[in-house]
Amino acid sequence: MTDLPAAHDAAVTDRGRLAGRAYKSDRDLAARQSLYQWQTPRYDLPGIVAQHLSGVRGRVVDVGCGNGKFVRRLRQDRPDLVVLGLDIAPGILAGVPGPVAVADATRLPLASASMDAALALHMLYHVPDIAEAVKELSRVVSRDGLVVASTNSDRDKAELNDLWQRAAGDVLGTERGPARISLSARFSLEKAPAFLGEEFGRIETIELPGRVTVRAPEPVVAHMASYQAWADQHDVPFQATVERARTILVEHIARHGAFEITCLGGILVCHR
């Protein structure tokens with residue numbers, strides 16, 4: 001399913017790194033989420049997910065719920081649902097209203113067919129065995145239930161990747177430096193249907209293209225810095241590269257008035 005280097009897979013999926021550093025709190029995740037404040041069009045992703053659950057009654061589990069962005073929205077818009085949040089990182093669950101529990105996506109502590117819907121939003125790329133996690137999602141939802149997953153495209157934020165390589169090249173004294181780590185590459189919008197299709201007969205992919213336009217460097221710098229849990233994977237001094245990127249951004253914005261990033265994410269609605 002993937003031709004990524006083993007070291008990349010290990011870094012993106014290492015539970016100790018995820019629970020102990022990357023998602024020890026919601027600081028870095030919130031920094032990545034905040035970049036979309038400057039996106040056009042603005043997508044209300046929790047609202048879109050809630051809309052696709054309009055026909056669901058009963059119980060919903062958000063697997064890998066992170067800082068609870070979707071849990072909160074569902075409890076607000078759909079008080080009739082029983083919503084459970086699960087994540088492998090105890091620290092990030094601290095601010096999520098219960099019920100929540102620490103759990104592994106490949107060994108969900110739920111009875112078979114006990115859920116009417118399951119969410120796996122921007123998280124399956126962190127699971128070492130994606131196919132096993134998809135089986136678990138299928139196992140815990142009822143026969144007529146649905147699963148909603150989300151991720152980014154392989155083409156997402158190409159300008160941000162280019163900025164990183166330019167900055168890394170300047171730090172290293174080469175034309176271009178190594179690429180930054182890609183969290184979603186293992187389960188991108190292009191790869192996801194093949195994984196999900198092993199368990200679900202009908203998959204609807206909804207692309208959400210947009211363009212982020214910033215007129216100050218801080219949102220982009222914060223996004224780049226939020227990958228500090230994987231600093232050792234970049235083959236370049238991480239903080240120095242972030243600071244060099246800031247300088248490039250300042251110069252670019254002074255010259256052009258803004259810095260633009262092309263975004264492409266999406267959700268996948270899965271039925272049996």
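In order along the stretch 119-126, the Karplus-derived 3J(HN,Hα) couplings, from 6.51 cos²θ - 1.76 cosθ + 1.60 at θ = phi - 60°, round to 10, 9, 9, 6, 9, 5, 5, 8 Hz, and Gly and Pro are given as x. Across the stretch 1-49, the fraction of Cα-Cα pairs farther apart than 11 Å, rounded to a whole number, is 77%. Amide H contacts of LEU84 (H built 1.01 Å from N, in plane; Pro and chain starts excluded): VAL60, VAL61, ASP62 sit under 5 Å, all sequence-distant by 5 or more or on other chains. Taking amide H as placed 1.01 Å from N in the peptide plane, ALA113 has its amide H under 5 Å from the amide H of VAL140, VAL141, each at least 5 places away in sequence or on another chain. With only the Cα atoms considered, the stretch 161-223 has a convex hull volume of 121 Å³ per residue. What the phi angles of the stretch 181-194 give under the Karplus curve with 6.51, -1.76 and 1.60, with θ = phi - 60°, is a coupling list of 5, 10, 5, 8, 4, 5, 9, 7, 4, 6, 8, 4, x, 5 Hz, glycine and proline written as x. Taking amide H positions as modeled 1.01 Å from N, with prolines and chain starts lacking one, the residues under 5 Å from LEU189 and 5 or more places away or on another chain are ASN152, SER153, ASP154. In this structure, GLU198 and ILE48 have a Cβ-Cβ separation that, at R0 = 35 Å, corresponds to a calculated FRET efficiency of about 0.90. Reported value for the stretch 116-272: 111 Å³ per residue, from the convex hull of its C-alpha atoms. Computed per residue of the chain from DSSP H runs no shorter than four, each worth -39500 (n - 2.57), the mean residue ellipticity at 222 nm is -10000 deg cm²/dmol. Expressed as a fraction of 2.2 N^0.38 Å, the C-alpha radius of gyration for the stretch 1-92 is 1.28. Three semi-axes describe the equivalent ellipsoid of the chain; taken as square roots of 5 times the Cα gyration tensor eigenvalues and ordered largest first, they are 33, 19, 17 Å.
Of GLU136, GLU175, GLU159, the residue with the greatest mean-square motion in the GNM of the chain, using alpha carbon springs below 10 Å, is GLU175. Each residue, ALA179 and HIS256, gets one label point 7 Å from its Cα in the Cβ direction; the gap between the two is 2.1 nm.
Given a Förster radius of 22 Å and the C-beta distance between GLN76 and SER114 as r, what FRET efficiency does 1/(1 + (r/R0)^6) yield to the nearest 0.05?
On the way: r = 24 Å, r/R0 = 1.07.
My answer for the efficiency is 0.40.
For a distance above 11 Å, tell me the whole-number percent of Cα pairs in the stretch 208-253 that qualify. Tail fraction, whole percent: 68.
Since every read-out is calculated from the coordinates, none of them should be taken as a lab result. Please read these numbers as outputs of a predicted model, since none were measured by experiment. Cβ: placed from backbone, ideal geometry, glycine included. Neighbour counts: every protein chain shown.
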